[in-house]
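Below is a structure I'd like to ask you about.
Where a number appears in this text, it was derived from the coordinates with a stated rule and is not lab data. Everything quoted here is computed from the prediction, not taken from an experiment. Positions of Cβ are backbone-derived with ideal geometry, glycine not excepted, and every protein chain shown enters the neighbour counts.
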Amino acid sequence: MGQNQVPTVAIVGSGPSGCYTAQFLRKRFPDAQITIFDRLPMPYGLVRFGVAPDHAGTKAVTQQFDRLFERDGVKFVGSIEVGKDKSLEELRAEFDVVVLATGLSADRQLGIPGEEKNGVYGSGRITRLINGHPDESLEGIQLGERVVIVGQGNVAMDLIRLSLTHPEELAGVGVDREVADLIAHSMLKQIDVVGRSEISDAKFDVAMVKELGKIADVRFTSDAPILGEEGDPETQKRIDAINTLVDNSPVTAGRVVNFHFGWVPSEINGEQHVSEAIFTAKHTGERKALPADAIYTAIGFTEAEAAAVKRDAHISEITDLETGRLAQGLYCVGWLRRGPRGTIPANRADAKMVSEAIIEDFENNQLEKVTV
Amino acid sequence: MSKKVVILFGTESGNAEFAAEDIAAEIDGRDSEVVDMTDFDIADFTSDNFYIIICSTHGEGDLPSGAVPFYGALEADTPDLSGVEFGIFGLGDSSYENYSKGSERIDEKLRDLGAKRVGDYGRHDADTGTLPNASAVAWSQELLASH
């Protein structure tokens, strides 16, 4: 391909990484044909189906992406699952550059006995349900008075907040009324939020914890030790945020949320449906049983068994995951490239880096259509 | 003759950049340039240009990652910015504490170094579910009419 030409680009997946990649490539190649494929009929992946519906400010980033399709000539092709409806080989033969931006959609498993029981739900499934994902339904979901959430990252914080928000308020931000009534049901009395990390390494953002303080009629407790001034500033911020949340909450309230730090999940018990989750203290080996009518697992995401395109099936001699290069003309970006860490801005930085690798390869004449 | 307008953006998710581009697109009859704070050399500040700063807020009222090196350079080199005039527009989300604080840190630093803020302090609240583009463009048009 000569210097005067521009590459044709296919991006697989229209979540934040895919859309940001299109943005960066569009800036460098104003005339290139850029097409984004998605297995769903509608674009935006996790911005649409992962970001909580009450975080309108975060979801607004889709208005940046709208412009790609409305003004900047990027084409969206929905309802095509690459690897199933159209092979990746075909795509690579048609386009000079193929970028895989399919993310990681499966809930990571706890890997403990009993997690297959009814009443254990992955956080991905629940957030998709709340956000109206076409593949999800209420079928088989049964909650109760006590929910245990395993994991203490921002997804767990979302689930706490959404569970305690009035269903009408959720419906007001677009959540299906039946789903809102189920998730934020009036029977809910207690949420136990359990993480294997000590508070010093807990994964939540402080802003997310502060947001919990705005919910009415909730008592918060925590088993984290109150540290002195010696702790490092980031740790201290997390401790302060949890302590403030606990101190400012009413002594008696209709609902209670207990934070448990430093507990490793070891077993889930129950007949057909869960009845309790067992945890073991990381340092002392002490055992704790928490009664549960339902368990949400929020310990991260991984590649789905049934994923139509798997990253590691395309590892080649020139693979360099640091820059997103998989094979000649084939790249990966975002969570698929580096794992399920970081929010929307981190994926913008990722897309920028991988776009730079693509541009560099183009300028060095390293792009050629792959022949099938 | 009107001064050239340099629109400096500091961004995390691209929203400030997106608005900066729209501000530039609506500027008629005078030179303008959109520059990422990350790529801006603070030695280039000059009273020959007029600056529009558009900056978001990250986390706990922190600077967006795109503004961190810029702020660090101002702090380390403490250039004399007297004679430099700027207008500022802050992005934030009022559902979190420290709404719009990121831009305020830049504003404070520039004024400490002798630059002069002119016009109204522009702000946009992301909690409305809208992007800042429309309000930022309207704000900039009013600002540039007199600067």
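May I ask you to verify whether A:Gly111 is without any contact (Cβ under 8 Å) to a residue 12 or more places away in the chain, within 30 Å of A:Trp263 (Cβ to Cβ) and in a loop (DSSP other than H, G, I, E, B)? Give the derivation first.
Working: without any contact (Cβ under 8 Å) to a residue 12 or more places away in the chain: yes; within 30 Å of A:Trp263 (Cβ to Cβ): yes; in a loop (DSSP other than H, G, I, E, B): yes.
Taking the combined requirement at face value, the residue satisfies it.
A follow-up question, please. Does the range B:65-80 hold any residues that are within 14 Å of B:Asp44 (Cα to Cα), under 14 Å from the mean Cα position of the chain (by Cα) and among the hydroxyl-bearing types (Ser, Thr, Tyr), and which are they?
Residues of the range B:65-80 within 14 Å of B:Asp44 (Cα to Cα): B:70, B:73-74, B:77-80.
Imposing the further condition that a residue be under 14 Å from the mean Cα position of the chain (by Cα) reduces the set to B:70.
Scanning the range B:65-80 gives no hits.
Just need a number here: residues in the range A:78-125 that are of a type in the set (A, V, I, L, M) and farther than 30 Å from A:Ala277 by Cα.
First pass over the range A:78-125, keeping only residues of a type in the set (A, V, I, L, M): A:80, A:82, A:88, A:91, A:93, A:97-101, A:104, A:106, A:110, A:112, A:120.
From what's left, farther than 30 Å from A:Ala277 by Cα: A:80, A:82, A:88, A:91, A:93, A:97-101.
Total satisfying the criteria: 10.
List the number of the failed condition for A:Ile34; all other conditions in (1) among the hydrophobic types (A, V, I, L, M, F, W, C); (2) touching a residue at least 60 places away in the same chain (Cβ under 8 Å); (3) under 23 Å from A:Asp96 (Cα atoms) hold.
(2)
Filter the range B:3-29 down to residues that are part of a loop (DSSP other than H, G, I, E, B), over 22 Å from B:Asp125 (Cα atoms) and in contact (Cβ under 8 Å) with a residue 40 or more places away in the chain, then give me how many there are.
The qualifying residues number 2.
Checking B:Gly29 against (1) closer than 20 Å to B:Pro132 by Cα; (2) more than 14 Å from chain A (Cβ to nearest Cβ); (3) surrounded by fewer than 18 Cβ atoms within 10 Å (Cβ to Cβ): exactly one of these is not met. Which one?
Of (1) closer than 20 Å to B:Pro132 by Cα; (2) more than 14 Å from chain A (Cβ to nearest Cβ); (3) surrounded by fewer than 18 Cβ atoms within 10 Å (Cβ to Cβ), only one is false for B:Gly29: (1).
From (1) in contact with a Phe, Trp or Tyr (Cβ under 7 Å, 6 or more places away or on another chain); (2) hydroxyl-bearing (Ser, Thr, Tyr); (3) in a strand (DSSP E or B), pick out the condition that doesn't hold for A:Ser14.
(3)
Report, by residue number, each residue of the range A:308-339 that is surrounded by fewer than 19 Cβ atoms within 10 Å (Cβ to Cβ), among the hydrophobic types (A, V, I, L, M, F, W, C) and part of a loop (DSSP other than H, G, I, E, B).
Hits for the range A:308-339 are A:Ala308, A:Ile315, A:Ile318, A:Leu321.
Can you pull out the helices (runs of 4 or more DSSP H) entirely within the range A:17-77 that have at least 1 residues that are more than 14 Å from every other protein chain (Cβ to nearest Cβ) and buried (at least 21 other Cβ atoms within 10 Å of the Cβ)? Don't jump to the end; show me each part of the working.
Working: elements: A:45-49, A:56-59, A:62-70.
Where helices (runs of 4 or more DSSP H) fall fully within the range A:17-77 and carry at least 1 residues being more than 14 Å from every other protein chain (Cβ to nearest Cβ) and buried (at least 21 other Cβ atoms within 10 Å of the Cβ), they are A:45-49.
Select from the range B:60-114 the residues that are among the β-branched types (Val, Ile, Thr) and free of Cβ contacts under 8 Å to residues at least 60 places away in the same chain and write down the one among them that is nearest to the other protein chains (Cβ to nearest Cβ). Full working, then the answer.
Step one: of the range B:60-114, the residues among the β-branched types (Val, Ile, Thr) are B:68, B:78, B:84, B:88, B:106.
Of the ones still in play, those that are also free of Cβ contacts under 8 Å to residues at least 60 places away in the same chain are B:68, B:78, B:84, B:88.
Details: B:Val68: 12, B:Thr78: 25, B:Val84: 28, B:Ile88: 20 Å.
Out of the qualifying residues, it is B:Val68.
Being out of contact with any helix residue (DSSP H, G or I) (no Cβ under 9 Å at 6 or more places or on another chain) and away from chain A (no Cβ under 14 Å) is the requirement here; does B:Lys4 meet it? Spell out how you get there, then give the answer.
On the way: out of contact with any helix residue (DSSP H, G or I) (no Cβ under 9 Å at 6 or more places or on another chain): yes; away from chain A (no Cβ under 14 Å): yes.
So B:Lys4 fits the description; yes.
Starting from the range A:132-144, take each residue that is closer than 21 Å to A:Asp54 by Cβ and list its partners that are of a type in the set (Ser, Thr, Tyr), counting only C-beta distances under 7 angstrom and pairs at least six apart or across chains.
Within 7 Å, the pairs are A:Ile141/A:Tyr121.
Filter the range A:127-142 for residues that are of a type in the set (A, V, I, L, M, F, W, C) and outside any loop (DSSP other than H, G, I, E, B) and give the result.
Going through the range A:127-142, the residues of a type in the set (A, V, I, L, M, F, W, C) turn out to be A:129-130, A:138, A:141.
Scanning the range A:127-142 gives A:Leu129, A:Ile130.
State which residue is farthest from A:Val150 (Cα to Cα) when the search covers only the range A:227-285 and only residues that are polar (S, T, N, Q) and free of Cβ contacts under 8 Å to residues at least 24 places away in the same chain.
Applying the first criterion (polar (S, T, N, Q)) to the range A:227-285 yields A:235-236, A:243-244, A:248-249, A:252, A:258, A:266, A:269, A:272, A:275, A:280, A:284.
Pick out the ones that are also free of Cβ contacts under 8 Å to residues at least 24 places away in the same chain and you get A:236, A:243, A:275, A:280, A:284.
Values: A:Gln236: 23, A:Asn243: 20, A:Ser275: 15, A:Thr280: 13, A:Thr284: 19 Å.
Top of the filtered list is A:Gln236.
Within the range B:128-138, how many residues turn out to be more than 12 Å from the chain's Cα centre (by Cα) and either among the hydrophobic types (A, V, I, L, M, F, W, C) or within 22 Å of B:Ile106 (Cα to Cα) (or both)? Full working, then the answer.
We begin by selecting, within the range B:128-138, every residue more than 12 Å from the chain's Cα centre (by Cα); these are B:128-135, B:137-138.
From the residues that got through so far, the ones that are either among the hydrophobic types (A, V, I, L, M, F, W, C) or within 22 Å of B:Ile106 (Cα to Cα) (or both) too are B:131-135, B:137-138.
Selection size over the range B:128-138: 7.
Looking at A:Pro7, is it assigned to a loop (DSSP other than H, G, I, E, B), touching a Phe, Trp or Tyr at 6+ places or on another chain (Cβ under 6 Å) and touching a residue at least 60 places away in the same chain (Cβ under 8 Å)?
On the way: assigned to a loop (DSSP other than H, G, I, E, B): yes; touching a Phe, Trp or Tyr at 6+ places or on another chain (Cβ under 6 Å): yes; touching a residue at least 60 places away in the same chain (Cβ under 8 Å): yes.
Against the criterion (assigned to a loop (DSSP other than H, G, I, E, B), touching a Phe, Trp or Tyr at 6+ places or on another chain (Cβ under 6 Å) and touching a residue at least 60 places away in the same chain (Cβ under 8 Å)), A:Pro7 qualifies.
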